[in-house]
1. Can you say whether residue 47 is among the hydrophobic types (A, V, I, L, M, F, W, C) and modelled with pLDDT of 85 or more, as far as the supplied structure shows?
2. Could you check how many residues of region 10-44 are at pLDDT 85 or above and either assigned to a helix (DSSP H, G or I) or β-branched (Val, Ile, Thr) (or both)?
Amino acid sequence: MGDRELYCDGCDADMPFEMPPCQDGHGDDCPELVCTGCGAALLIATFPPVRTARSTLRRGDAVRRHRAA
């Protein structure tokens, strides 16, 4: 179990958070943390970067709007 100090909304302060025993098999990489002051749960989620299609419009290009049918 590792401890981290993070902001807790329930305590309205920076508090130590600890990792409870993980039942999902994540081990030390478990995304769940619990505030040691009030017991509030915090889920740390990371997402891989997403590539978006670049627009073909450039600055100064006219934008055509279609009339509603």
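1. On the way: among the hydrophobic types (A, V, I, L, M, F, W, C): yes; modelled with pLDDT of 85 or more: no.
The answer is no for residue 47.
2. Counting residues in region 10-44 that are at pLDDT 85 or above and either assigned to a helix (DSSP H, G or I) or β-branched (Val, Ile, Thr) (or both) gives 2.
The values are calculated or read from the model by the stated rules, or taken from the named source; none is laboratory data. All of these numbers come straight from a predicted model, not from anything done at the bench.
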